[in-house]
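The next block holds one structure in the form of structure tokens; read it before the comments.
The values are calculated or read from the model by the stated rules, or taken from the named source; none is laboratory data. Worth saying up front: this structure is predicted, and the values here are computed from it rather than measured. Cβ placement follows ideal geometry from the backbone for every residue including glycine, while neighbour counts extend to all protein chains displayed.
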Ligand code: RB5
């Protein structure tokens, strides 16, 4: 699996920790930044991560900011993106099984490294159920984009 990851300055350390976990799990990770503590705008990072998914360069994305809120809102403005802000493992699993989320958002000032890595693990290991009712609802979400 190929994953593109990005964060604003509020979650750079968490991004490094998640990257380490993904690389150890033999996942191909693309990091679009940011790489330091200087303030950046999270919509710019959301755009970079999501464009990798829309172009097919990556199958999934992980976006991080201080709370995960701003960057998830930004990602969800982009057509074709279903971004789930998850602070727990159950939500992460459901976001894949029911919503076929292609982007995971988390907050670097909300979650500790351990819980965040558990969330990522659950999210990458869970497949979309493919159930008719979930497909129908996702279709309705897609219809809202136009
Ligand atoms: C940046 O200070 C902060 O606003 C951002 O990381 C995020 O929490 C926004 O939702």
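Out of 47, 118, one residue alone is surrounded by fewer than 22 Cβ atoms within 10 Å (Cβ to Cβ) and either under 30 Å from residue 132 (Cα atoms) or in contact with a helix residue (DSSP H, G or I) (Cβ under 7 Å, 6 or more places away or on another chain) (or both). It is 118. Tell me which residues, restricted to the stretch 83-98, are surrounded by 18 or more Cβ atoms within 10 Å (Cβ to Cβ) and assigned to a loop (DSSP other than H, G, I, E, B). 86, the sole residue that qualifies. For the stretch 67-82, the tally of residues that are within 8 Å of the ligand (Cβ to nearest atom), surrounded by fewer than 18 Cβ atoms within 10 Å (Cβ to Cβ) and either touching a residue at least 24 places away in the same chain (Cβ under 8 Å) or within 11 Å of the chain's Cα centre (by Cα) (or both) stands at 1.
When the criteria are applied in full, residue 116 fails the requirement of being part of a strand (DSSP E or B) and within 16 Å of the ligand (Cβ to nearest atom).
Determine whether the stretch 23-31 contains at least one residue that is buried (at least 16 other Cβ atoms within 10 Å of the Cβ), within 16 Å of the ligand (Cβ to nearest atom) and closer than 21 Å to residue 86 by Cα. No, the conditions are met nowhere in the stretch 23-31. Of the residues making up the stretch 52-66, those that are more than 16 Å from the ligand (Cβ to nearest atom) and more than 19 Å from residue 124 (Cα to Cα) number 1. Taken together, 40, 110 contain a single residue that is out of contact with any helix residue (DSSP H, G or I) (no Cβ under 8 Å at 6 or more places or on another chain), within 16 Å of the ligand (Cβ to nearest atom), at pLDDT 95 or above and farther than 23 Å from residue 145 by Cβ, which is 110.
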